[in-house]
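Shown next, in structure tokens, is the structure this report addresses.
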Amino acid sequence: MTAKTFSICCLILNLLAVGNLPASQDVRLTKRLGDVFEPVFMFVPTSNGGSLITEPDGTVRFLYRLGPGHEGSGAFVYEDISRDGGESWFLEQLSLNTGRGSRSEIAEVHPFTGEIYLMFTRGDGRLLRTRNQRTLWNQEIRLPFRVNFTTGSFIWLQQEEPSGFHRLLAAVPAEGGVVTHYSDDDGVTWSGPSNLIFSPEVPGRWTNPAASPQMVELENGKIWMLLRNSQDHLWECFSDDWGTSWSEARPSPFTGVFSNLRLKRIPDGRLLLLWLNSMPRTGVTREGSFHNTARDVLHAAVSEDDGRTWIGFREVALDRRRHELIYSQVPAYDAGIHHQKFTVTKDNKVIVFTGQDDEGIGNESLHRQALIFDLGWLYESSRSTDFSQGYEDLCVFKLSGDRWGKTNYYSRVAGATLVEHPERPFRRVLQLGREKCDWVFNDQDGACWNFPIGKSGILETRILLRRGYRGGLISLTDCFYNPSDNGGDEAAMYVFVIPEDRRVNLATVLEPERWYTIRLEWNGTQDEEIHSCKVFVNGQQQPESLRLLNPSPNGICYVRFRSTASQEDLAGFLVESIRAEIIW
């Protein structure tokens, strides 16, 4: 080791020690950690980039940079640190100096040794590894590839190599897609690249062939990779030779707008996926537009059977500016709820840092969020709302017809609105209709509400049609569509139409100014021949069931309320409550 290298290593160690000094407590949860179940907001992270890790002793670290660039840059790595499983945090602690020009760190904890591995870029790709239970850092290793927080990942495989190390497998961007490299000597030397992994171009649409690869080793020894692209689905491929080569990529069962994803095997062996189970606004195809119409909701799902089936599909976070006329406080390069990262603590709490914004906004961002929830929350089989929490769990926005100014983003305005209950004081109901507005994409109101996914289940709601009502519907879908986008209803599994004449079938006409309990019971979402949805109105089963319009391998996790009025409808209809109960 040269004197210069030794000095740099000493500086790194000194800065790490500074980062571990006691500091004033900056943030504390508003409730006890043991009481956390559904997602709880903690604070606003300072950076879009960074990595979340949990060490063997339970310490949680968010490592990031504060310099210029959308994911941060610069010599210094900072950390937000919690030593009590996420209940309290010390923010912006100085951790490392990796040299001028550094950026794009990816950090992971070695599952077999407990040491921290940090990949980053400084001209070329670099690797730093701790030793002696994370008290010292080994000498920096130059990598034959560059890494990027948004487009790379790495894992260790179960089998121990003859060298005594576990294979270290990295997935990184390459021209035209993604490739993998592997090391059997703890990152010192590398083999690869693999064959190119990509999705084919779609004529007439902006194309990104592959990005954000995430890998897990399956119980059968195969490696599964999920990645994002511009085709409205996460794509997948497999390797049966420990990452040396990969199968041809294909669409996975997961809907997914072009946005980041995170897939991990958590300590108890389950798989956990965080992604945007969302579709872009119908008809938008150009770069910088279509995916920026669908970065409002972050979802999570867990699998107990190595990815064959999934539980949850629940909204972990909703963008706090999703209903705002000015979506981004300043014209950011990218803004929204994605760029998620997560870690799971020894208490099975999931800590999530997510959101994008202009790097100069810091902790004043209204897009970025740090949250914590219990894994058990994903296993709930029911959900209900009476709108007493306002718009907190609703999406009701309408998008502008075109982008706002020179940005990539669309202005929004609330469509469906909460109004006073016509009969019950201090209660509110959701009103949907159609008010003329010439600058939005579609001025028919809509509202979306999420519940745990189910291939079979029940959706019950109380509605009232106002006098002068001009048409509406209730649809059940497997992913998020913009509330006023007709494409969401066209792609729905089941649709219950209430036309302007209020006749829902030959036997039943809904009278105006009267409350009705509508109950939809579906028995499946995959086979159009045998699956259907029964309809009950005030407890009476209707003579006709709804037929399955669009099969889904996953089930149903959204209800959409829509106005279908062909002209202005200021009366519309009211929704008093919603309840969903599902069967996995």
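The values are calculated or read from the model by the stated rules, or taken from the named source; none is laboratory data. Since the structure is predicted, the reported quantities are computational estimates derived from the model, not experimental observations. We place every Cβ from the backbone using ideal geometry, glycine too, and count neighbours over all the protein chains shown. The protein model used for the area step is the full one, side chains on, heavy atoms only, and it has no ligands, DNA or RNA in it. Shrake-Rupley method; radii C 1.70, N 1.55, O 1.52, S 1.80 Å.
Expected output is a single nm value to one decimal: the length gained when fully extending between F112 and E513, i.e. 0.36 nm times separation in residues minus the C-alpha distance. What is it? Going from the current span to full extension adds 137.9 nm. Split the accessible area of the chain by element, probe 1.4 Å, and carbon with sulfur accounts for 48%. Scattering from region 82-208 was approximated by placing one identical point on each alpha carbon and applying the Debye formula without solvent; log10 I(q)/I(0) at 0.17 1/Å stands at -0.97.
Using the Karplus relation 6.51 cos²θ - 1.76 cosθ + 1.60 with θ = phi - 60°, the per-residue 3J(HN,Hα) values for region 174-190 come to 9, 4, x, x, 9, 9, 10, 10, 9, 10, 9, 10, 6, x, 6, 10, 9 Hz, with x marking Gly and Pro. Alpha-carbon geometry of region 69-118: the Rg and the Dmax are 12.7, 34 Å, given in that order.
Between E423 and S381, take the C-beta separation as r, use R0 = 35 Å, and let me know the FRET efficiency to the nearest 0.05.
That pair, E423 with S381, gives E of 0.65.
Extent of region 191-289 along its three principal axes (Cα atoms, max minus min coordinate, largest first): 41, 30, 20 Å.
How much accessible area per residue does region 119-208 have, counting only protein heavy atoms and a probe of 1.4 Å, in square angstrom?
On the way: 4080 Å² over 90 residues.
I get 45 Å² per residue for region 119-208.
For region 435-501, the equivalent ellipsoid built from the Cα gyration tensor has semi-axes of 22, 17, 10 Å, listed from largest to smallest.
Check each of the trypsin sites (Lys or Arg not before Pro) in region 270-342 and keep only those in coil by DSSP with at most 15 other C-beta atoms within 10 angstrom; list them in order.
Numbers: sites: R270, R281, R286, R295, R308, R314, R320, R321, R322, K341; in loops: R270, R281, R286, R295, R308, R320, R321, R322.
In loop regions of region 270-342 (DSSP not H, G, I, E or B), the sparsely surrounded trypsin sites (Lys or Arg not before Pro) are R286, R308.
Roughly what angle does helix 3-19 make with the longest principal axis of the chain, taking Cα atoms, 0 to 90 degrees, to the nearest 10? Taking the Cα atoms of the chain, the angle to 3-19 is about 40 degrees.
Spatial offset of region 456-522 relative to region 82-115 amounts to 49 Å, using the alpha carbon center of each. Cβ-Cβ distance of K346 and E392, R₀ of 41 Å, FRET efficiency by 1/(1 + (r/R0)^6): the value works out to about 0.85. For the chain, the dipole from Cβ point charges (+1 on Lys and Arg, -1 on Asp and Glu) about the Cα centre works out to 880 debye, to the nearest 20. Once you reduce region 135-149 and region 208-283 to the center of their Cα atoms, the two points are 25 Å from each other. Per-residue accessible area (protein heavy atoms, 1.4 Å probe) orders D26, D240, D393 as D240, D26, D393, starting from the largest. For R167, the residues whose amide H sits under 5 Å from its own are L157, E161, ignoring neighbours fewer than 5 places away on the same chain, with H placed 1.01 Å from N. Remark: region 465-584 is approximated by an ellipsoid whose semi-axes, taken from the C-alpha gyration tensor as √(5λ), come to 24, 17, 13 Å, largest first. Using θ = phi - 60° in the Karplus curve 6.51 cos²θ - 1.76 cosθ + 1.60, the 3J(HN,Hα) couplings for region 500-507 round to 4, 7, 6, 8, 8, 6, 5, 9 Hz; x is entered for Gly and Pro.
What does the helix-only formula give at 222 nm for the chain: each DSSP H stretch with n ≥ 4 adding -39500 (n - 2.57), the total divided by the residues, and the result rounded to the nearest 500 deg cm²/dmol?
Values: 2 runs with 22 residues, N = 584.
The per-residue figure over the chain is -1000 deg cm²/dmol.
Overall shape: rounded for region 381-505, with the ratio a/c of the largest to smallest alpha carbon gyration tensor axis below 1.5.
Remark: spin-label model distance V188-T135 equals 2.4 nm, labels positioned 7 Å along the Cα→Cβ axis.
Just to confirm the filter: which trypsin sites (Lys or Arg not before Pro) across region 57-163 are DSSP coil and have at most 16 other Cβ within 10 angstrom of their Cβ? Provide the component values of the computation, followed by the final result.
On the way: sites: R61, R65, R83, R100, R103, R122, R126, R129, R131, R134, R142, R146; in loops: R65, R83, R100, R134, R146.
Listed in order of number, the matching sites are R83, R100.
Computed from the alpha carbon atoms alone, the convex hull of the chain holds 152 Å³ per residue. The chymotrypsin sites (Phe, Trp or Tyr not before Pro) of region 437-527 that DSSP puts in a loop, and whose beta carbon has at most 13 other beta carbons within 10 Å, are W439. Note that region 514-520 has calculated 3J(HN,Hα) couplings of 9, 7, 10, 9, 9, 10, 10 Hz, one per residue in order, obtained from phi through the Karplus relation 6.51 cos²θ - 1.76 cosθ + 1.60 (θ = phi - 60°); glycine and proline are x.
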